[in-house]
């Protein structure tokens, strides 16, 4: 029987080289060197990296691409101003505009090989327009992108009396995870109470949990310890994520070590957002300035599942970004002092296989029997991919090529030098 697709001469993230990947009916059916078969389409990877798709474990799709809307731009660069601007903007965003921006971002994501996103959706609006629109968008993009939605009370679960009902209504609409922001509640005790209430809802309904937790420079903000405790008490291990966790950056080492051990024992996952938190945190510091990213290598060493998220693109919190998870990993390598070979490979895993596990994606990964979803990069291995943030030569979803690009090659006019330059070839010189 003729195969649908064969990718030939690939390098896989685990280092295997000269590998062919055969696809039939949307799944990998053989992965081996020199597969002797014909296919309706063959692509020569030419010794380049073929990786599972990128996964963003933390994003805000309802706010994306709103930078400068109504002339509003975050001038101070603080988290507080970003939240205030979003609260001002949200009532003036139409359903049509939100849908158009969300779909445009999903298009951009696909072009970058980003085929799964966990997006928090603000449920502060009693009309739940954002949740309704993104549930529709989730269905529309399902053939080419996995969109997982988190019901997120942006201003705090106890910010107004209707929020508890709003969150449950959002879950009834099809939003599949419970969110929160305990450090933004009116008091620390209400923050802890919000964790207890929200985790109880998740336990009752069999849902995942992902809370913005301790997104502050204040080392006394320790809401994540309550999240870890409730995870264990309610039997939610493996279903709960603490996102941001910036206060861990500023805690004394003794307490941080104790807290990380507590998180690991609870089976709590963590998501760091290096791009956003490198610019939002430390805004009230003189020198030296804290940079706010949580303790990624320490969390990994303790056994926590750690993913990296983009968080924001062109919105009130972050004025840059292009849906490139390799850019996210690149920043984490620098901010986390993770420049060892193992550290860089761990950051690559934190934008691929680890967030896929946190989101519970079915059939993810380059293995026989799993979905034929993958990306061909103009790079030879994960470390080079982080270094170059290279062109996505082909993006494959369920065995179908859904995005393609030509290799990046510079044309040179230099006396006595080659006429073309492939950026990925430089590192091979002299090796």
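Within the stretch 155-176, not a single residue is at pLDDT 95 or above and closer than 22 Å to residue 304 by Cβ. Residue 288 fulfils the conditions (1) under 24 Å from residue 333 (Cα atoms); (2) crowded, with 24+ Cβ neighbours inside 10 Å; (3) over 17 Å from the mean Cα position of the chain (by Cα) except for a single criterion, (2).
Residues are listed down the side, and each one gets a yes or a no for (1) free of Cβ contacts under 8 Å to residues at least 40 places away in the same chain; (2) in the same structural domain as residue 139 (by TED's automatic domain parsing):
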{"site": "14", "(1), (2)": "yes, no"}
{"site": "30", "(1), (2)": "no, no"}
{"site": "42", "(1), (2)": "yes, no"}
{"site": "70", "(1), (2)": "yes, yes"}
{"site": "106", "(1), (2)": "no, yes"}
{"site": "110", "(1), (2)": "no, yes"}
{"site": "115", "(1), (2)": "no, yes"}
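In the stretch 283-307, of all residues being modelled with pLDDT under 95 and touching a helix residue (DSSP H, G or I) at 6+ places or on another chain (Cβ under 9 Å), the one that is farthest from residue 352 (Cα to Cα) corresponds to 283. Looking across the stretch 1-14, the residues that are more than 16 Å from residue 44 (Cβ to Cβ) and within 24 Å of the chain's Cα centre (by Cα) come down to 13, 14.
Among the residues making up the stretch 174-201, those that are closer than 21 Å to residue 60 by Cα and out of contact with any helix residue (DSSP H, G or I) (no Cβ under 7 Å at 6 or more places or on another chain) are 176, 177, 179, 181, 184, 198. Taken over the stretch 154-196, residues that are under 24 Å from residue 88 (Cβ atoms), assigned to a loop (DSSP other than H, G, I, E, B) and without any contact (Cβ under 8 Å) to a residue 40 or more places away in the chain amount to 9.
Residues are listed down the side, and each one gets a yes or a no for (1) buried (at least 20 other Cβ atoms within 10 Å of the Cβ); (2) part of a loop (DSSP other than H, G, I, E, B); (3) not assigned by TED's automatic domain parsing to the domain that holds residue 242:
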residue	(1), (2), (3)
255	no, no, no
265	no, no, no
271	yes, no, no
292	yes, yes, no
318	yes, yes, no
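Per the listing 132, 96, the residue uniquely in the same structural domain as residue 309 (by TED's automatic domain parsing), touching a residue at least 12 places away in the same chain (Cβ under 8 Å), more than 17 Å from residue 313 (Cβ to Cβ) and out of contact with any strand residue (DSSP E or B) (no Cβ under 6 Å at 6 or more places or on another chain) is 132.
Among what's in the stretch 24-42 and is within 28 Å of the chain's Cα centre (by Cα) and under 11 Å from residue 7 (Cα atoms), pick the residue that is surrounded by the fewest Cβ atoms within 10 Å (Cβ to Cβ). Per the stated criteria, the residue is 31.
Within the stretch 110-117, identify whether any single residue is in a helix (DSSP H, G or I) and touching a helix residue (DSSP H, G or I) at 6+ places or on another chain (Cβ under 9 Å), and answer yes or no.
To start, the set of residues in the stretch 110-117 that are in a helix (DSSP H, G or I) comprises 110-111.
Still in the running and touching a helix residue (DSSP H, G or I) at 6+ places or on another chain (Cβ under 9 Å): 110.
Yes, there is a match, as at least one residue in the stretch 110-117 is in a helix (DSSP H, G or I) and touching a helix residue (DSSP H, G or I) at 6+ places or on another chain (Cβ under 9 Å).
When residue 327 is tested against (1) closer than 21 Å to residue 115 by Cβ; (2) assigned by TED's automatic domain parsing to the domain that holds residue 311; (3) touching a helix residue (DSSP H, G or I) at 6+ places or on another chain (Cβ under 6 Å); (4) surrounded by fewer than 23 Cβ atoms within 10 Å (Cβ to Cβ), just one condition goes unmet, and that condition is (3). The lone criterion from (1) out of contact with any helix residue (DSSP H, G or I) (no Cβ under 8 Å at 6 or more places or on another chain); (2) modelled with pLDDT of 95 or more; (3) more than 23 Å from residue 341 (Cα to Cα) left unmet by residue 420 is number (2).
Once the stretch 225-252 is narrowed to residues that are touching a strand residue (DSSP E or B) at 6+ places or on another chain (Cβ under 7 Å) and within 17 Å of residue 58 (Cα to Cα), the residue that is surrounded by the fewest Cβ atoms within 10 Å (Cβ to Cβ) is 239. Per the conditions (1) at pLDDT 95 or above; (2) over 20 Å from residue 184 (Cα atoms); (3) over 20 Å from the mean Cα position of the chain (by Cα), the sole criterion not satisfied by residue 269 is (3).
So if I check each of 366, 386, which one is farther than 28 Å from residue 3 by Cα and buried (at least 19 other Cβ atoms within 10 Å of the Cβ)?
Working: 366 fails: farther than 28 Å from residue 3 by Cα.
Step by step, each of 366, 386 is checked, and only 386 is farther than 28 Å from residue 3 by Cα and buried (at least 19 other Cβ atoms within 10 Å of the Cβ).
The values are calculated or read from the model by the stated rules, or taken from the named source; none is laboratory data. Small disclaimer: the values here were computed from a predicted structure and weren't measured. Here the Cβ is made from the backbone with ideal geometry for all residues, glycine too, and neighbour counts use every protein chain on show.
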